[in-house]
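Heads up, the thing below is written out as structure tokens.
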Amino acid sequence: MSATAFPTVLPASIDAPADALAPQRRTMLAFLVWGFSALMIGAMIGPLQALNYGGVNAYPSLTPLLKTYYQGLTIHGVLNAYIFTFFVTCGLLVYLPARELGLMPNMALWRGCFAAMALGTLMLLVAMFDNSSSVLWTFYPPLKGSAWFYLGMTLVVAGSLMPLPILLDLRARWKARRPGEITPLVTYMSLTTMLMWALAGGGALIELVVQLNPWALGFTDTVDPIVARTLFWWTGHPIVYFWLMPAYVSWYGLLSKQIGGKLVSDPMARLSFALLLIFSLPVGSHHQFTDPGFSPIWRGILTALTLSVALPSLITAFTIGLSLEYAGRLRGGRGFIGWFTALPWRDPSVAAQVLAMLTFIFGGAGGIVNGSWELNNIVHNTTWVPGHFHITVGTASALTFMGVAFWMLPHLTGQRLLSRRLALASAWLWFTGMSVFALGMHWAGLHGVPRRAWVSMLPRSVYDRVYGDAHLALILVAVGGCILWLATIAFYTVFLGSLATRRLDRRPAIPFAQAFGGRESYALDGGAPVGVVAHPSVSKLARALEHLGLITAFTALATAAAYVPIFWPFLQNATAAHGWKVW
Ligand code: HAS
Ligand code: CU
């Protein structure tokens, strides 16, 4: 039975007349533009690193702007992995729920989030461009950057936590008006993401506040590197889901509408998010399989936990895959694969997101290799690992965000997209470039080519002798990087150009999807920019998953259970290292 059989349609906006939405749209646009501007700088630097692996050393011609490969790599990693993703996410995960519920978010907090992260970005830019802090995106001590770097990073991380109180407040106001109902899906997914991130952010914040800031400011002389690394990965693993879950919000909450179908299961979406919250936290140390101080028993437990974290993504693959098939068949697709080709591939937003999914199949498979202790020994610290994360965060997340930007820019500005064809071309170029690049990086990694190495500095004969076996793979890396340059130029022509196009007659609506199925569905409004269609009876699973407080408390306990035994011996055997500046 269709969910819309028992609709309760709310007025277009509960709180305010439609023109009162302009400040929200402007703020969302600011998050989007700041985030994508960071990616623009970061992405333009990326191909230099790809050329490095192909044996071409472009850095000497870039002085004084960039002095070393390591400086370029730090700027690339920090801007793409933190600034781009955090701004897009902290915008989307407030804007979409607010519009789904038809409620005004706490604008002061939301703007405060923007201001804190923007100030942090500027401090980081100073520290990175003056070459005082080429400590890479992981900023592992005893590498020591300037205080601007760590203070800026502290502001960025702290700012990124501010959407949580905004979402808690939105949900509480919704619940007060609709007692007994479950949280609408997009809001549920956004809140779960932020709860996960709030528990995750603790590690990096403790590392920055207790260890790195006082050390960089000169209050302390030494730092304990293994404690810092472990604190970093407490945050550094779940951060990958802070990148991925907003993309899942779009796949589950919006895409089905964009392709003319329905989400096949709302409770599965909720289950996958609740499991991501639980499993993301305790597994951070799978980035430390080769670090000293972890017992074999722990490495085994970490392997098992890591394989569990793949489960919610497998649920996602099947749920989204079926939603795609449903829409494809509605569109006339027949046979084994016809439904896939029948999807609206000419829509750049859809194409970008489905291509992002395809790459993530390989990204996920590589992750399972990484998470297996024994296999990790082969790939750790080789180019395999950056190969893996360019088809996860660099494509599954980034290409999805680009796809979101293609409908969201016209929605926010009321202006048309500069060119749908160029947008489509940029999505395909990104997909092709990343696939070629990642194939080369994985392959070269299996030959033992180290990650984060300025290999093009070597004399040609030495480079050929050491990396000759991986020659073809490294050529693919460089070619992939060049294709990505074209993708970046195409994308930013569309993105920036769309800020100055002519006005549309009608502002496009947010494509909130509708869930499919009988009792378990919770339908969302398909068309109107605001307003929700509620369903009075929902599945037991969806109701059980409504207890987010309990799930979060359980996750906090599981995290403590994982980390207390890890930290205990480190604290018993403290090490003290002085800072190094090796660049
Ligand atoms: Fe990872 C290293 C394990 C997912 C990012 N990862 C990294 C680093 C980054 C990163 C940045 O266990 C490097 C950090 C550094 O600088 O050192 N990763 C995993 C596992 C998963 C995983 C088990 N990673 C991600 C995601 C990321 C990301 C997501 C960013 C967004 N990763 C590791 C490990 C390391 C690591 C170790 C340390 C390596 C080392 O030694 O240094 C899992 O979550 C993956 C599960 C995913 C799946 C795929 C499901 C597929 C879907 C697409 C569906 C397609 C459809 C289309 C619907 C099982 C959902 C259908 C259409 C058809 C026609 C078929
Ligand atoms: Cu991880």
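Structure summary
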quantity: Any hit, segment 361-375, residues being at pLDDT 95 or above, assigned to a loop (DSSP other than H, G, I, E, B) and crowded, with 19+ Cβ neighbours inside 10 Å; calculated: no
quantity: Residues satisfying the stated conditions in segment 324-333, i.e. in a helix (DSSP H, G or I) and either in contact with a His (Cβ under 6 Å, 6 or more places away or on another chain) or more than 9 Å from ligand 1 (Cβ to nearest atom) (or both); calculated: 326, 327, 328, 329, 330
quantity: Residue in segment 497-507 that is open to solvent by 70 Å² or more (accessible area, probe 1.4 Å), in contact with a strand residue (DSSP E or B) (Cβ under 8 Å, 6 or more places away or on another chain) and charged (D, E, K, R) present; calculated: yes
quantity: Where residue 306 falls short, out of the listed (1) within 13 Å of ligand 1 (Cβ to nearest atom); (2) closer than 30 Å to residue 350 by Cα; calculated: (2)
quantity: Some residue of segment 374-381 being more than 24 Å from residue 53 (Cα to Cα) and more than 13 Å from ligand 1 (Cβ to nearest atom); calculated: no
quantity: Criterion: within 19 Å of residue 277 (Cα to Cα) and either among the β-branched types (Val, Ile, Thr) or within 16 Å of ligand 1 (Cβ to nearest atom) (or both) - qualifying residue of 227, 209, 240, 223; calculated: 240
quantity: Residue in segment 254-267 that is within 14 Å of ligand 1 (Cβ to nearest atom), among the hydrophobic types (A, V, I, L, M, F, W, C) and open to solvent by 10 Å² or more (accessible area, probe 1.4 Å) present; calculated: yes
quantity: Qualifying positions in segment 153-197 - among the small types (Gly, Ala, Ser) and open to solvent by less than 40 Å² (accessible area, probe 1.4 Å); calculated: 159, 160, 190
quantity: Any hit, segment 231-247, residues being away from ligand 2 (no atom under 16 Å from the Cβ) and within 24 Å of residue 141 (Cα to Cα); calculated: no
quantity: Pairs, first farther than 16 Å from residue 193 by Cα in segment 268-285, second of a type in the set (A, V, I, L, M), C-beta under 7 Å, six or more apart; calculated: 283/302; 283/305; 283/309; 285/302; 285/566
quantity: Complete set of residues in segment 382-407 that are open to solvent by less than 10 Å² (accessible area, probe 1.4 Å), touching a Pro at 6+ places or on another chain (Cβ under 9 Å), part of a helix (DSSP H, G or I) and more than 9 Å from ligand 1 (Cβ to nearest atom); calculated: 400, 401, 402, 403, 404
quantity: When residues of segment 343-360 are limited to those that are open to solvent by less than 20 Å² (accessible area, probe 1.4 Å) and under 17 Å from the mean Cα position of the chain (by Cα), the one farthest from ligand 1 (Cβ to nearest atom); calculated: 352
quantity: Residues of segment 480-491 classified as in contact (Cβ under 8 Å) with a residue 60 or more places away in the chain and over 16 Å from residue 394 (Cβ atoms), total; calculated: 1
quantity: Residue match in segment 309-323 (condition: not in a helix (DSSP H, G or I) and not acidic (Asp, Glu)); calculated: yes
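The values are calculated or read from the model by the stated rules, or taken from the named source; none is laboratory data. Everything numeric here is computed off the predicted structure, so don't read it as measured data. We place every Cβ from the backbone using ideal geometry, glycine too, and count neighbours over all the protein chains shown. Side chains included, ligands, DNA and RNA excluded: accessible areas come from the protein's heavy atoms. Shrake-Rupley method; radii C 1.70, N 1.55, O 1.52, S 1.80 Å.
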